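K.L.:
Have a look at this one.
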Amino acid sequence: MLFPRTRQSTRGTGRPTPWRAATAGALVLPLALLALEIRAGSPAQARTHESAKGGQGIAAEAVARGTKAPLEATVSEGQVREVAPGGVITYPSVTSCLTVTVRLRGGGLVGAHASLFQVPGELRSDEILPALKALVGGRPVTAIEVRGAVGAWHPSYFTKAIESYGDGEQVPVPTGQDLDGIARSVADGLGRARHIVTVQDVPDGDQIIR
């Protein structure tokens, strides 16, 4: 979800911005309201589960065929992409989101842009790791980097998206920056060792990963 903001460079100390500190605290009340609105759904959202499954299958087939990845890719909210060794991934407008970048042993990058609230037609937060895992396949991984609005995320959002909660169900709300919880959730979701996963809270804006 995009919020009004002033763009800032991601090159900084990695400490939370004033915007994020306010956002993390303000999520409690709007969370239920936004979840109710999103549950009303749209045709594109209703098709998301089917399209995600299909997309994972296509990704797995592409890996099996050895399809050549591009040198540059823009990974928007709810998307998963790969770049070849020496390539660059751009994650645009990372405000309330988290990005997950997998570094392959051969030098390539596979990236996912996890959105706190689902973008119509794209993957939900609980679909992003399965799609990323499918694209990586069984290839050796050297590191997994998670960056973004750490304070806005509860680790469980990777296994049960906000939109999946029904009427009367309480949506978990983050109480701080649970770096270890997010790292464990990502490691489990990708079927990789916890020690290769790092989590960093970074200022709002575009992320460029090389």
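K.L.:
Give all pairs with beta carbons closer than 6 Å in which a residue from the range 120-135 that is on the phi < 0 side of the Ramachandran plot meets a residue that is among the hydroxyl-bearing types (Ser, Thr, Tyr) and modelled with pLDDT of 95 or more; count only pairs at least 6 apart in sequence or on separate chains.
P.N.:
That search, which allows pairs on different chains as well, returns Ser125/Tyr157; Asp126/Thr159.
K.L.:
Scan the range 172-201 residue by residue and report those that are touching a strand residue (DSSP E or B) at 6+ places or on another chain (Cβ under 7 Å) and at pLDDT below 95.
P.N.:
Within the range 172-201, none qualify.
K.L.:
Right, something else. State the number of residues belonging to the range 134-154 that are crowded, with 19+ Cβ neighbours inside 10 Å and out of contact with any strand residue (DSSP E or B) (no Cβ under 9 Å at 6 or more places or on another chain).
P.N.:
1
K.L.:
Then there is this: Just give me the residues in the range 172-202 being crowded, with 20+ Cβ neighbours inside 10 Å and part of a loop (DSSP other than H, G, I, E, B), in sequence order.
P.N.:
Pro174, Val202
The values are calculated or read from the model by the stated rules, or taken from the named source; none is laboratory data. Keep in mind that what you see is a predicted model, and the values were worked out from it rather than measured. Note: ideal-geometry Cβ built from the backbone for every residue, glycine included; neighbour counts use all protein chains shown.
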